Amino acid sequence: MTMSTEQSINTAESAEHPVEDAHLPEPREATGLVATRQIRESFWRRWGARLLPYALVICLMILFSALSPAFLTPDNLLNILRASSVLMVLALSSTIVILSGSIDLSVGAVAALTGTLAVIMTAAGNPGLIWLALPIGLVCGLVNGVLVAYAKLPSFLTTLGTLFIFDGLALRLTGGAAVFMDHPLLDGLVNGADVLGIPNVIWWAVLALIVMSVIAYRTPFGRHIYAIGGNERVARLSGLPVSRTKLWMFGLSGLVAGIGGLMLIGQGGGSSPGMGGPFLLNAIAAVVMGGTALSGGSGGPLRTVIGVLTLGIVTNGMTLTQVDPNYQTVIFGVIVLFAVLVTVRRSETGVVK
């Protein structure tokens, strides 16, 4: 069909001035919309992603409360905290290393070795030497630190190697069998009368959280760790003592893992083969699920709390709801993947490896 002359003119005018035919906001109105969108995006970026881990914990609590009336009771909530206490301490030990962009796979093995040595010293009639578990943990961490900071070895492979060494030493010392001890002081400090209605072992985790938070957020040492995690090359060019910081960072990780070892033997009344094994991946998973970036420079001890609680709630909830043990590991893995999906703050990490 052929258009008339008038229609052709109108079409040409419309094509030449397309904006005049559209209903578009005035410049001031458009600027306002852009500003509003930026504010919303800024709010979401700052608070939305930050609140996602907390929202996940609340959703899990609602889910398991609906499935089991026994879940949301004070006794069960204390059970979750009590069962998560050792994981909390070992996850804090991992957090301080991951913040720098490195990783420490040996925290569970350090806890097992220090706990085993403490039990052996007690069984040999030297109960006062049980506290040597702490400097032994520090030494184990410093070994990792020397290899990573000064020998320039990758932290993943270094701590994987020391994991086998520490685990092997613990097995050799015990002969692969459980070793029991009787240490009334440690037993009282871990399993004794509750303080303010809260089991003692939970207070150990709270104290560790406070100390590690102060170190990470309020000290020059903590700021150096964040700077190294943000960009190690820039931190080195800026004059920060990168190697020394990494050395003592691994030392601190080993020291805190030693505390976890004392908690383990205090709860179990002795040492058992491979008692640190279950914490190897759970500690790292808790750190990542809390929102601390594996690439370093973002996150911190307070976020690790959420990751630990998520794992504790999932484990406890599946037990209460009598999920088939054959499927618990599968469901646990799916929930961990989902938790990482919603809690990893990609805007802060920049690069996800």
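The values are calculated or read from the model by the stated rules, or taken from the named source; none is laboratory data. In this text, all values refer to a predicted model and were calculated from it rather than measured experimentally. For neighbour counting, all protein chains shown are included, and Cβ atoms are generated from backbone atoms with ideal geometry for every residue, glycine included. Just so you know, the surface numbers come from the protein's heavy atoms only, side chains and all, with ligands and any DNA or RNA stripped out. Shrake-Rupley method; radii C 1.70, N 1.55, O 1.52, S 1.80 Å.
Worth pointing out:
- Carbon/sulfur fraction of accessible area - region 127-235, other protein chains in place, 1.4 Å, %: 74
- Probe 1.4 Å, protein heavy atoms only - accessible area per residue of region 205-343 in square angstrom: 42
- Each residue of region 328-333 was assigned a 3J(HN,Hα) from its phi angle through the Karplus curve 6.51 cos²θ - 1.76 cosθ + 1.60 (θ = phi - 60°); the sequence is 4, 5, 5, 4, 4, x Hz, with glycine and proline shown as x.
- Backbone HN-Hα couplings from phi across region 200-206 [Karplus 6.51/-1.76/1.60, Hz, Gly and Pro as x]: 4, 4, 5, 5, 4, 5, 5
- 3J(HN,Hα) along region 243-253, derived from phi through the Karplus expression 6.51 cos²θ - 1.76 cosθ + 1.60 where θ = phi - 60°, amounts to 5, 5, 4, 5, 4, 6, 5, 5, x, 5, 4 Hz, with x in place of Gly and Pro.
- Sequence ranges 175-182, 269-276, 245-252, ranked by mean other-Cβ count within 10 angstrom, highest first: 245-252, 269-276, 175-182
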